[in-house]
Amino acid sequence: MNRLTSITLTSVVAVTALSGCAAQQQVTQQHQLTGSLSYLSRIALSPNSVAVVTVRDSSVADGAVIGEQRIDLDGQPLPIPFTLAVNTQDMNGGAYSLSAVIMEDGETNWRSAPVGVSAEAGMTELGNLVLRQVSEQGAVTPLPGSEWQVRNLNGVAVPASSRASLNFGDDGRLYGQAFCNSFNGSYQLQRDQLSVGDLASTMMLCTPKQMERERIMLDILGQSRRVEQQGDGTLLIFAADGRALTAN
């Protein structure tokens, strides 16, 4: 073998090795999320219904969409499986969650509660996500006079020792503790439609993690649109952008 042939073969081997490394790196930077979707109602979906599974940055209002899968539901039996792979390089800190909606004729008629997802590469089975009809006018536990402890922010559980609470006064006043500072504001409730306004809080400084949770909690409250009580008594407060706060 002459020297030129040897150099050429060495170059080919090197390029092949680099390509293999690049492909392997791309795979290891992905987080694959699998699960299924179902809904409790026996109402038939319209023929052109579409399920949309989305992973987004939930640490800010209208956070960036990291990944999305659209599933044509025409003739699909329940539960509906989904597989969504996201690039962890697009997940730069913050908090991330997966949620699903079912759209009929362009309208979002069904929605799941968000589930927190890790920004680390790997594979996660999320189980079955139950979607509830957005227009359902289910009975909600009377909020006035009730104190609720915040347990979850957009699919991410908060430490049991956290000081995060909601109190709905008979006079339309909302107040409580937001991980670090106390806050107050006003609220209006019409069946399952909740709106919150005039939020204000004290100005103490706590740990960065507490301050981040506080910001997300108050942001969700400030944009609240709908409240839902689950079968176990858990309260879900949904913001306009789909983020949710869970309390009991």
Look at the stretch 90-111 and say how many of its residues are touching a Phe, Trp or Tyr at 6+ places or on another chain (Cβ under 9 Å) and of a type in the set (Gly, Ala, Ser). 1
In the stretch 166-185, which residues are farther than 15 Å from residue 219 by Cβ, in a loop (DSSP other than H, G, I, E, B) and in contact (Cβ under 8 Å) with a residue 12 or more places away in the chain? 169, 170, 172
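So which of 188, 149 ends up being open to solvent by 60 Å² or more (accessible area, probe 1.4 Å), over 22 Å from residue 63 (Cβ atoms) and within 25 Å of the chain's Cα centre (by Cα)?
Result: 188 is the single residue among 188, 149 that is open to solvent by 60 Å² or more (accessible area, probe 1.4 Å), over 22 Å from residue 63 (Cβ atoms) and within 25 Å of the chain's Cα centre (by Cα).
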Output the number of residues of the stretch 102-148 satisfying the condition of being at pLDDT 85 or above, part of a loop (DSSP other than H, G, I, E, B) and of a type in the set (Asp, Glu). 2
Does residue 162 fit the bill of being modelled with pLDDT of 95 or more and among the polar types (S, T, N, Q)? no
For the stretch 227-242, what are the residues that are open to solvent by less than 20 Å² (accessible area, probe 1.4 Å) and aliphatic (A, V, I, L, M)? 227, 235, 236, 237, 239
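Going through 224, 165, 201, 195 one at a time, which residue ends up being of a type in the set (S, T, N, Q), touching a helix residue (DSSP H, G or I) at 6+ places or on another chain (Cβ under 8 Å) and either within 26 Å of residue 112 (Cβ to Cβ) or open to solvent by 40 Å² or more (accessible area, probe 1.4 Å) (or both)?
The unique qualifying residue is 201.
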Considering only the stretch 110-136, how many residues are open to solvent by less than 50 Å² (accessible area, probe 1.4 Å) and within 19 Å of residue 192 (Cβ to Cβ)? 7
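The values are calculated or read from the model by the stated rules, or taken from the named source; none is laboratory data. Please read all numbers here as calculations on a predicted model, not as lab measurements. Cβ atoms come from the backbone with ideal geometry, glycine included; neighbour counts cover every protein chain shown. Heavy atoms of the whole protein, side chains included, go into the accessibility calculation; ligands, DNA and RNA do not. Shrake-Rupley method; radii C 1.70, N 1.55, O 1.52, S 1.80 Å.
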